[in-house]
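For reference, the structure is listed below as structure tokens.
The values are calculated or read from the model by the stated rules, or taken from the named source; none is laboratory data. Source: prediction; values computed, not measured. Every residue, glycine among them, receives a Cβ derived from its backbone with ideal geometry; neighbour counts consider all protein chains shown.
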Amino acid sequence: MTDENTQAAATETTDATENTDATETTGATADASTAQTASGSATMKGMTDEERARVAAMSYEEARDQLTAIVAKLQHGGLSLEDSLRYWQIGEALAARAQSLLQEVRSQLDAARERQQSGVEHAGTQLN
């Protein structure tokens, strides 16, 4: 196998892996990103309720990993405008999920620090 053939095969494998990652996340594929009308023209289709529910149920790590895969796919290029917009929408939802989970953890840490600080302030005192 020549170097060009090896590189082409590696690129195809990477593309297939990235497509699989995005599909596992949202159940969407690049082909599913557009709906064909009777005239053959494509129309945009936003995220479905099912896709939104899948993203909403993801852990931080899942959302982060899927977002990373989508960013790589977008950076790689070669997508149609419709597919790029579709991946962008999914990426935005994944980023919002990850940010939301991080905010929850920050709030929990802040509350724990407040409880700890309150305990230190009252240490050695007797409350009746």
Test residue 38 against the stated conditions and say whether it is at pLDDT 95 or above and out of contact with any Ser or Thr (no Cβ under 6 Å at 6 or more places or on another chain). no
Does residue 84 count as among the polar types (S, T, N, Q) and either under 20 Å from residue 52 (Cβ atoms) or at pLDDT below 95 (or both)? yes
Of all residues in the range 53-94, how many are touching a residue at least 40 places away in the same chain (Cβ under 8 Å), closer than 25 Å to residue 105 by Cα and not in a helix (DSSP H, G or I)? 1
Qualifying positions in the range 81-110 - of a type outside the set (D, E, K, R) and touching a strand residue (DSSP E or B) at 6+ places or on another chain (Cβ under 8 Å): 85
Number of positions in the range 42-79 that are in contact with a strand residue (DSSP E or B) (Cβ under 8 Å, 6 or more places away or on another chain) and either on the phi > 0 side of the Ramachandran plot or not hydrophobic (A, V, I, L, M, F, W, C) (or both): 2
Against the conditions (1) exposed (fewer than 12 other Cβ atoms within 10 Å of the Cβ); (2) at pLDDT 95 or above; (3) among the hydroxyl-bearing types (Ser, Thr, Tyr), where does residue 43 fall short? Just the number, please. (2)
